[in-house]
Amino acid sequence: MITARKGDPVVCSKGHVNGCLQKDIAETDVIGPKDFGLNEAATTITSAGDGHLCSYAQCGERITKLHKGAYQIQTAHGWLGHLEP
Ligand SMILES: [Zn+2]
């Protein structure tokens, strides 16, 4: 099982760093809003309010998905976090 470490970066698929993890997170953990931090200047909330996009250099790649209060986040380890269907 993939486990990312506290301090590992949140990155978009183009490699822009958008924030970092606030705790160790395994691939299937349920991720809450306090489990990671984002650089607000480099991110945008989606128009539907269901996650965040990278806004670094107007990138637009998705970096989080929000569903029923839980997040998936894009990291150097790939997407982490379990979402209820
Ligand atoms: Zn980006």
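The values are calculated or read from the model by the stated rules, or taken from the named source; none is laboratory data. Please read all numbers here as calculations on a predicted model, not as lab measurements. Glycine also receives a Cβ, built like all others from the backbone with ideal geometry; neighbour counts cover every protein chain displayed.
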Filter result (within 11 Å of the ligand (Cβ to nearest atom) and surrounded by 19 or more Cβ atoms within 10 Å (Cβ to Cβ)) within region 1-41:
10, 11, 12, 16, 18
Could you say whether any residue in region 59-67 is under 17 Å from residue 3 (Cα atoms), away from the ligand (no atom under 16 Å from the Cβ) and not polar (S, T, N, Q)?
no
Among all residue pairs at least 6 apart or on different chains, which show Cβ distances below 9 Å where the first residue, located in region 6-23, is over 11 Å from residue 76 (Cα atoms) and the second is near the ligand (Cβ under 7 Å from one of its atoms)?
18/12; 18/54; 18/56
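Residue-by-condition table, conditions (1) at pLDDT below 95; (2) at positive phi; (3) not polar (S, T, N, Q):
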position: 2; (1), (2), (3): yes, no, yes
position: 37; (1), (2), (3): no, no, yes
position: 45; (1), (2), (3): no, no, yes
position: 63; (1), (2), (3): no, no, yes
position: 68; (1), (2), (3): no, yes, yes
position: 78; (1), (2), (3): yes, yes, yes
With the checklist (1) at pLDDT below 95; (2) touching a Pro at 6+ places or on another chain (Cβ under 9 Å); (3) among the aliphatic types (A, V, I, L, M) in hand, flag the one item residue 17 doesn't pass.
(1)
Lone qualifier among 75, 46 - being surrounded by fewer than 14 Cβ atoms within 10 Å (Cβ to Cβ) and within 16 Å of the ligand (Cβ to nearest atom):
46
When you scan region 1-39, how many residues do you find that are under 14 Å from residue 62 (Cα atoms) and charged (D, E, K, R)?
1
